[in-house]
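J.: The structure that follows is given in the form of structure tokens.
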């Protein structure tokens, strides 16, 4: 049984999330080095983590007449959204906060990135950041509804909005087997709300970094860390939603949670290097005309299965 | 504990509500409104309406970001770099709103409120869902039609290009002439 | 406690009313309307909790008010866009066509 933990366990969530993000960032460095033909050595693998003290000590950039309040607030919102969305994710048999509406909470916290990235784009009073922020809003309108329907499919399959309940409803068959469209849409949305991989358009190289363009020093660290924390939170949430939570033979539940999270993270990091960046204006039509009907049809199929079998298959 | 949550969130909601009309910067005004909504969503969660409070937070963040986009698009002074005052009938509207508040407050303290009838259900979200699918199905249908009418009406009002602009005078041009080619070729 | 919640709701309603009456720009008027509906939401939640928690009517009122907020915002922006396209203004005073 998944139990809720005392209040201080909420402080463990950012630490765990940071640890998994470090794994993801190291895997990304490994794949980058192999793709560039460099020899993989411990220095290469530790390079992205060595960026952390460098960025903390680097000088912060200021622009002319920025809206500093909104700028800093927006930057800080991104990692906070990642951490807050992860408090409902069960790790093995424990969860920091067992909310009865955990899925909706996860959705609400990742939507905070909308506010955060728009403010981060608006704050520095700079054209390229502003364009990056607006690109994110366009991308957000496109990915949000398919993501909501994918989450609804998983919740409908388990007849519960509680993440722990969804994890334990997969004891006979994992949801990824009979809800593949929802899983694919969910993974695409994880890329979208963490602005990485094929949906890295708001931070694209054609905009000199977009929302990252005017950032340096601790600001840049906060936004980069926020992106990777969001990716990790999304990957960690995929485990109880679609991959059965902590279930598995031999190992204890927390070990299975960790293994599955790392597997999804490696898949996402690999996909980041393989898939091209999609432009938000081309993706918007695809999302509204193809993905939303697909996600609704998936939710309908799940609902029919649940009604016919009187529970999960 | 109970009063602490209320004592933090309620003044936050009211002060940020004030801030909406005091900030010079339109972007800050929009996010002040967002903070007010987040505070009332938090109050709803604390009252036991977990699903409704979280849905309020979810929807209001999205709505306020969209409102910020429209704010910046249509308003003259989005960053507040020039102080300007865009109000009319300031004194009379202040008088009306103060009078309304006074009337409501008087009513609140004078009314003999009844006692609590019953206890909350074990799962309020489930009770809401069951009701909307059962006894309150008429409400559900009305909300569905309202939202559908809103979607159609909003698109019809806001678009400035119709079928003939996209497909040509004989409706035969494929692909359609759009400023940005979509991803599906529709 | 109910009275405190209702006072909060009235305060939000009054601030929203001030904004809706005094602002010139249509978008700011809409923000006033949103504040008013925010007050109604808090009041409905408080009524549900303190007076009739066993009945589901309070929750349904909150759902209806939230849907009304969304619909009002969508239609308000659509109308603003249409007026802006036609006349390049966004002030309520310039949209007095229905006035005699």
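The values are calculated or read from the model by the stated rules, or taken from the named source; none is laboratory data. Here the structure is a predicted model, which is why all the values come from computation and not from measurement. Cβ sites come from the backbone with ideal geometry, for glycine too, and all protein chains shown count toward neighbours.
J.: Does at least one position in the range C:31-49 carry a residue that is in contact with a helix residue (DSSP H, G or I) (Cβ under 7 Å, 6 or more places away or on another chain), at the interface with chain B (Cβ under 7 Å from one of its Cβ atoms) and part of a loop (DSSP other than H, G, I, E, B)?
T.: no
For every residue, the table says whether it meets (1) surrounded by fewer than 16 Cβ atoms within 10 Å (Cβ to Cβ); (2) not in a helix (DSSP H, G or I).
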{"site": "A:11", "(1), (2)": "yes, no"}
{"site": "A:23", "(1), (2)": "no, no"}
{"site": "A:26", "(1), (2)": "no, no"}
{"site": "A:29", "(1), (2)": "no, no"}
{"site": "A:32", "(1), (2)": "no, no"}
{"site": "A:40", "(1), (2)": "yes, yes"}
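J.: So, in the range A:51-86, of the ones that are touching a helix residue (DSSP H, G or I) at 6+ places or on another chain (Cβ under 7 Å) and not in a helix (DSSP H, G or I), which residue ends up farthest from the other protein chains (Cβ to nearest Cβ)?
T.: It comes out as A:60.
J.: Next question, about the same structure. Which of (1) in a helix (DSSP H, G or I); (2) free of Cβ contacts under 8 Å to residues at least 24 places away in the same chain; (3) surrounded by fewer than 24 Cβ atoms within 10 Å (Cβ to Cβ) does residue B:56 not meet, given it meets every other one?
T.: (3)
J.: Please find, within the range C:1-30, the residue that is surrounded by the most Cβ atoms within 10 Å (Cβ to Cβ) out of those that are at the interface with another protein chain (Cβ under 7 Å from one of its Cβ atoms) and in contact with a strand residue (DSSP E or B) (Cβ under 8 Å, 6 or more places away or on another chain).
T.: Among them, the one singled out is C:23.
J.: Still on this structure, I have one more. Looking at the range B:33-46, which of its residues are within 7 Å of another protein chain (Cβ to nearest Cβ) and surrounded by fewer than 24 Cβ atoms within 10 Å (Cβ to Cβ)? Walk me through how you get there before you give the answer.
T.: Taking the range B:33-46 and keeping what is within 7 Å of another protein chain (Cβ to nearest Cβ), we get B:33-34, B:36-37, B:40, B:43-44.
Once the filter is applied, which keeps residues that are within 7 Å of another protein chain (Cβ to nearest Cβ) and surrounded by fewer than 24 Cβ atoms within 10 Å (Cβ to Cβ), the range B:33-46 yields only B:34.
J.: Is it true that residue A:161 is under 20 Å from the mean Cα position of the chain (by Cα) and outside any helix (DSSP H, G or I)? Step through it out loud before you land on a result.
T.: Details: under 20 Å from the mean Cα position of the chain (by Cα): yes; outside any helix (DSSP H, G or I): yes.
For residue A:161, the condition - under 20 Å from the mean Cα position of the chain (by Cα) and outside any helix (DSSP H, G or I) - is met.
J.: Filter the range A:164-177 for residues that are in a helix (DSSP H, G or I) and crowded, with 18+ Cβ neighbours inside 10 Å and give the result.
T.: If we filter the range A:164-177 for residues that are in a helix (DSSP H, G or I), which is where we start, we get A:164-168, A:175-177.
A:164, A:165, A:166, A:167, A:168, A:175, A:176, listed by residue number.
J.: Sticking with this one: Suppose we filter C:54, C:71 for residues that are without any contact (Cβ under 8 Å) to a residue 60 or more places away in the chain, assigned to a loop (DSSP other than H, G, I, E, B) and surrounded by fewer than 20 Cβ atoms within 10 Å (Cβ to Cβ); which single one remains?
T.: Details: C:71 fails: assigned to a loop (DSSP other than H, G, I, E, B).
One residue alone meets the criteria, C:54.
J.: Please name all residue pairs, on different chains or six or more residues apart, with Cβ atoms under 6 Å, provided the first residue is in the range A:261-287 and is away from chain B (no Cβ under 14 Å) and the second residue is outside any helix (DSSP H, G or I) and at pLDDT 85 or above.
T.: Listed by first residue and then by second, the contacts come to A:272/A:196.
J.: Report, by residue number, each residue of the range A:280-311 that is crowded, with 18+ Cβ neighbours inside 10 Å and more than 30 Å from residue A:206 (Cβ to Cβ).
T.: Scanning the range A:280-311 gives A:298, A:299, A:302.
J.: When you scan the range B:84-186 for helices (runs of 4 or more DSSP H) that lie fully inside it, which ones turn up with 2 or more residues that are surrounded by 10 or more Cβ atoms within 10 Å (Cβ to Cβ) and either in contact with a helix residue (DSSP H, G or I) (Cβ under 6 Å, 6 or more places away or on another chain) or at the interface with another protein chain (Cβ under 7 Å from one of its Cβ atoms) (or both)? Please lay out each step first, then the result.
T.: Details: elements: B:90-110, B:124-133, B:137-158, B:163-167.
Answer list for the range B:84-186: B:90-110, B:124-133, B:137-158.
J.: Provide a single number: the residues in the range B:12-32 that are within 26 Å of residue C:1 (Cβ to Cβ) and facing another protein chain (nearest Cβ under 9 Å).
T.: Residues in the range B:12-32 being within 26 Å of residue C:1 (Cβ to Cβ) and facing another protein chain (nearest Cβ under 9 Å): 4 in total.
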